[in-house]
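Read-outs throughout are calculated quantities, based only on the coordinates presented, and are distinct from any laboratory measurement. All values reported here derive from a predicted model rather than from experimental measurement. Here the Cβ positions follow ideal geometry from the backbone for every residue, glycine too, while neighbour counts run over all protein chains shown.
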Amino acid sequence: MDGHAGTRSSLVWAVNLAAALMVLLWTIPTFGLLVTSLRDSDQIAASGWWKAPFTSVQSDFVRAGTAPDQVAEGEIWVIAGNVLEQGEKLRAWGTDSRDPMAFAPGDVATLADGRTLSVAVDGAYRLTSPVEFTETRGMRIFITTLTPPRFTFENFTRVIGAEGLGQAFLNTFTVTIPATIIPILIAAFAAYALAWMEFPGRALLIAAVVGLLVVPLQLALIPLLKLHNDIGLGKGYMGIWLAHTGFGLPLAIYLLRNYMVGLPREIIESARVDGASDFQIFRRIILPLSFPALASFAIFQFLWVWNDLLVATVFLGNTREQLVMTGVLRELMGSRGGDWEILAASAFISIAVPLVVFFAMQKYLVRGLLAGSVKGG
Amino acid sequence: MEQFLLASGTIVAGVFGCVAWFWGSNIALDLALPARGPRAGANMQRAGAIRPWLFLGPAILILAVYLVYPVINSAWRALNDADGTTFVGLKNYQWLLADSKFHESLGNNMLWLVTVPALSTVFGLIAAQITDRIRWGSFAKSMIFMPMAISFVGAGVIWKFIYDFRGEGLEQIGLLNAIVVYFGGTPQTWLVTPFWNSFLLMAVLIWIQTGFAMVILSAALRGIPEESIEAAILDGANPWQVFSRIKVPQIWGTIAVVWTTITITVLKVFDIVFVMTNGEWGTQVLANLMYNWMFRGAPDYGRGSAIAIVIMALVTPIMIWNIRNARREMR
């Protein structure tokens, strides 16, 4: 619509290109993690994830058999075996680390003392000697192999079982669902009172809620932990549910009040004239009409609680059975720093649920953001 | 299984408890002050004065215990010693002023404070402007918005993988080093290189927050009246001029909201630093420093609380600004 006629098509191109570039930049990190989580662990370490669909070339060495493995074949002594693992293809081999690709598959190399070594295409090697072998340590055969791309769900099965992510998944759900539902209930009533009931101090309370939106929850950790210990709640689910309810309540009240205040006055007035009590108005009129706002907050709170690490670290115990997924992920980052197959699969499991919720309920999330964009993290 | 029962039991009990309270207390009020008989008028008035507090009661109680009390309690703890038994006055704050780690954290927080909101808002504005003009805009928006759903810890894993380092000559599996090597550079140990590593951590938060900025700014851009844009085009303004002189000035208010919201997130930034560097190699920030004093080794609640109060003090101006805005809107 805007722009001069002559520059218009080139501008459209530039805009499309810029958008494509941004989308690419913003999705590549997550995409790389997804690809990595599906790759074979040896391949992850051998090549970048962007090379995943291609055959990878790997250089390695294997040790030939030792003296006990030899068999006599007439005049000569032979050690035989195979240098390849399943799925690999031999490209070249060698006997010297300075020239590991000296021979092609099928060649025969002549070594010192009248020995010979041959490695066939299928990886079968044959080391021969005119005299009996005496070594206790096998000689090194350098191989260059081609490995076709291999994708697997092994990483996922492994982290769900052995790394305790399955338990953590359940724990996270246990924390998240009540911590999402309870604040909605409490906030809905409070929001109705703040929106549609006249009483002294209302403006002050609304201001207080807006103020509490930004209180850093770091402040709350020690006092609340001490409080929970004093009243015998200790560390556990009850404590973390209450804590998340408290931390989510200001946003819930703020969002819901803003929404309820915008509902048409006539409906509520006419219900009052008909003799409906506040409780009836709230239950029959306000609550059903406020569904979009309730959904918005529910998504916010769900994402926030699911993704939280700090509150869970402080208010839940830190044994393996008690950790939530962010906690396990954090622990794995420390203990399994370089094992990307484990980290990638774990991270992907922990972000899968929020991503599904995000894509399914994006509309409500956007609406909620637009209604209450004063809260940060 | 037991856990599942506990959780569903809590949901049922919580929901039932809430409903019972609101419903029961309302009925109790109606019974105590019936809107009938000789004193109906006076009773209705008194019931009307009490009822809001029945609706608000649970919320006020929880807000008071879980947000107001901790602020006051932390302020008090900051004036006491490590285990909160002896009053030490301003000693903890004096210690803060002299502590080099605190200086480092404060400096880094300021660096984050300048960089992250600025770049997130600028990228968000660009994304909003270009995605509104293309056919596949809503798809593009979804993709840029997506990191918002990912936890800071998950994002930490994702980006740590990008910054991964292998020795020179080895095959790089981290995207950043692979690009550097492809263009003939030498691979770097990104996260342990002081000063610049802070910016690499900031990149994670910018990546997450840009979508948030985009969504809000996009709505604001679409709210600009068509006439002002058409008039500018008729006057011969080029697209850039339309954007920078007509559109942006009209959405300053929204930009300010986005900026301050991200600023609050930045002041509290914890998880990203905690999982990626744990504040080492010069990347310490206040929230992580506080965590160290409160939960690592021998806890010092006095010093930890003092740092928490500093974070609170940094947030306060924005809090006041928000309250003033909210009150203005209500009138």
Check your understanding: What is the distance, in nm, between label points placed 7 Å from the Cα along the Cα-to-Cβ direction at B:D235 and at A:T136?
Key -> 9.3
Check your understanding: For A:R150 and A:N82 in the same chain, what is the full-extension length gain: residue separation times 0.36 nm, less their Cα-Cα distance, in nm?
Key -> 22.3 nm
Check your understanding: Where in chain B are the helices, taken as whole DSSP H runs, whose Cα atoms extend 30 angstrom or more along the long axis and whose Kyte-Doolittle mean reaches at least 1.0?
Key -> B:2-32, B:196-222
Practice item. Looking at the protein assembly as shown, send over the antiparallel percent of its DSSP beta bridges, to the nearest 5. Key: 100
Exercise for review: Specify which residue in the list A:M238, A:I281, A:G32 is farthest towards the positive end of the charge dipole of the protein assembly as shown, using unit charges on the beta carbon of Lys, Arg (+1) and Asp, Glu (-1), about the Cα centre.
Suggested key: A:I281
Practice item. Compute the separation of the alpha-carbon centres of region A:268-346 and region B:269-296 and state it in Å as a whole number. Key: 24
Review point. Got a sec? Charge dipole of chain A, +1 on Cβ for Lys and Arg, -1 for Asp and Glu; which of A:A312, A:M197, A:T144 is way out at the positive end?
Key: A:M197
Point to revise | Cβ-Cβ FRET estimate between B:W281 and A:E75, R0 fixed at 45 Å, reported to 0.05 | key: 0.10
Check your understanding: For B:V180 and B:F139 in one chain, what is 0.36 nm times their gap in residues minus the Cα-Cα distance, to one decimal in nm?
Key -> 11.7 nm
Review point. Say R0 is 60 Å: what FRET efficiency, to the nearest 0.05, do B:W196 and B:R39 get from their beta-carbon distance?
Key: 0.20
Check your understanding: How far apart, in nm, are the 7 Å Cα→Cβ label points at B:N325 and B:V114?
Key -> 2.4
Study note, to complete from the structure: Reduced to Cα centres, the span from region A:186-219 to region A:97-149 in Å works out to 79
Exercise for review: Could you calculate the FRET efficiency of A:T157 with A:S10 from 1/(1 + (r/R0)^6), where r is the beta carbon distance between them and R0 is 56 Å, rounded to 0.05?
Suggested key: 0.60
Practice item. Kyte-Doolittle cut-off 0.0, length cut-off 18 Å along the helix's own axis using Cα: show which whole DSSP H helices in chain A pass. Key: A:8-37, A:165-196, A:237-261, A:291-307, A:340-360
Study note, to complete from the structure: One point scatterer per Cα, no solvent, Debye formula: log10 I(q)/I(0) for the protein assembly as shown at q = 0.05, 0.10 Å⁻¹ comes out as -0.34, -1.05
Practice item. Calculate for the protein assembly as shown the 222 nm mean residue ellipticity that helices alone would give, adding -39,500 (n - 2.57) per DSSP H run of length 4 or more and normalising by residue count, nearest 500 deg cm²/dmol. Key: -20000 deg cm²/dmol
Review point. With a ≥ b ≥ c the root eigenvalues of the C-alpha gyration tensor of region B:92-330, is it rounded (a/c under 1.5), prolate (a/b larger than b/c) or oblate?
Key: oblate
Point to revise | In the protein assembly as shown, lysine pairs closer than 21 Å at Cα, eight or more apart or cross-chain | key: 10
